[in-house]
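Undergrad: Below is the structure I would like to discuss, written out as structure tokens.
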Amino acid sequence: MNTLLINIFGNLLIFSAAYHWLLKPVLPQLRPSTVLIAVLLLHSMRHLGLMFLTTGVTSAAMPQQFAVPAAAGDFLSGTLALLAAFLIHRKSSWAIPMTWLFSVVGIADFAMAIVLSRVYNAADFMGGAYWIPSFWVPMLMVGHFIIVTILLRMKRESLSFSA
């Protein structure tokens, strides 16, 4: 039995239920910028992935083939998320392209980290960083779904952040 996978899928189920039961019914009534900024600010905390590089939080035997790309990908994703939130807040013409860029990079980062964690058995060495894949990743995966859903709706309805 793989406890980490149970935690990931269990929390993915819970966060998906929260989206479908609580947010989705009211989403059409909310301003896209309000929802996007909230979700992007959560993603901005992906700098916490740098914990994968911190001995004492993780085992000294943490495979660097997992830790370095996971930490760097999280840091880059978090930086892009914060920049996208700022651009949305400023109603910049760069807001939508930056949010798409963040989404592509962030989703690719998760995919890469999942594959590398399985290849190098990183779960065995996570120590205190275990909560990142077991809690944060499922929540942020649902966050990516929300962001892409809103961006596609904005495109379909020709919405922008201006005025």
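Undergrad: Just to be sure, is residue 136 without any contact (Cβ under 8 Å) to a residue 12 or more places away in the chain, out of contact with any Phe, Trp or Tyr (no Cβ under 8 Å at 6 or more places or on another chain) and either under 18 Å from residue 13 (Cβ atoms) or assigned to a loop (DSSP other than H, G, I, E, B) (or both)?
TA: no
Undergrad: Tell me the residue from 114, 88 that is buried (at least 21 other Cβ atoms within 10 Å of the Cβ) and among the hydrophobic types (A, V, I, L, M, F, W, C), please.
TA: On inspection, the qualifying residue turns out to be 88.
Undergrad: Separate question: For region 12-20, does any single residue satisfy the condition of being touching a Leu at 6+ places or on another chain (Cβ under 6 Å) and on the phi < 0 side of the Ramachandran plot?
TA: Among the residues of region 12-20, not one is touching a Leu at 6+ places or on another chain (Cβ under 6 Å) and on the phi < 0 side of the Ramachandran plot, which makes the answer no.
Undergrad: While we're on this one: Can you tell me which condition residue 157 does not meet? The list is (1) of a type in the set (Asp, Glu); (2) within 25 Å of residue 21 (Cα to Cα); (3) surrounded by 16 or more Cβ atoms within 10 Å (Cβ to Cβ), and all the others hold.
TA: Among (1) of a type in the set (Asp, Glu); (2) within 25 Å of residue 21 (Cα to Cα); (3) surrounded by 16 or more Cβ atoms within 10 Å (Cβ to Cβ), residue 157 violates only (3).
Undergrad: Here is a follow-up. Please tell me if residue 77 is of a type in the set (Ser, Thr, Tyr) and under 30 Å from residue 154 (Cα atoms).
TA: Here the answer is yes, as residue 77 does meet what is asked.
Undergrad: For residues that are more than 15 Å from the chain's Cα centre (by Cα) and of a type in the set (A, V, I, L, M), scanning just region 59-75, find the one that is nearest to residue 132 (Cα to Cα).
TA: It comes out as 67.
Undergrad: Let me ask another. From the set of residues in region 39-54 that are closer than 14 Å to residue 66 by Cβ and surrounded by 24 or more Cβ atoms within 10 Å (Cβ to Cβ), which is farthest from the chain's Cα centre (by Cα)?
TA: Ranking the qualifying residues of region 39-54, first place goes to 52.
So that you can scan it fast, the table gives a plain yes or no per residue for (1) within 21 Å of residue 16 (Cβ to Cβ); (2) hydrophobic (A, V, I, L, M, F, W, C); (3) surrounded by 14 or more Cβ atoms within 10 Å (Cβ to Cβ); (4) touching a residue at least 40 places away in the same chain (Cβ under 8 Å):
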| residue | (1), (2), (3), (4) |
| --- | --- |
| 70 | no, yes, yes, yes |
| 83 | no, yes, yes, no |
| 105 | no, yes, yes, no |
| 120 | no, no, yes, yes |
| 128 | no, no, no, yes |
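Undergrad: Scan 45, 98 and give me the residue that is within 15 Å of residue 154 (Cβ to Cβ) and assigned to a helix (DSSP H, G or I).
TA: 98
Computed from the coordinates by the stated procedures, all read-outs in this text should not be read as laboratory data. Source: prediction; values computed, not measured. With ideal geometry, Cβ positions are generated from the backbone for all residues, glycine too; neighbour counts draw on all protein chains shown.
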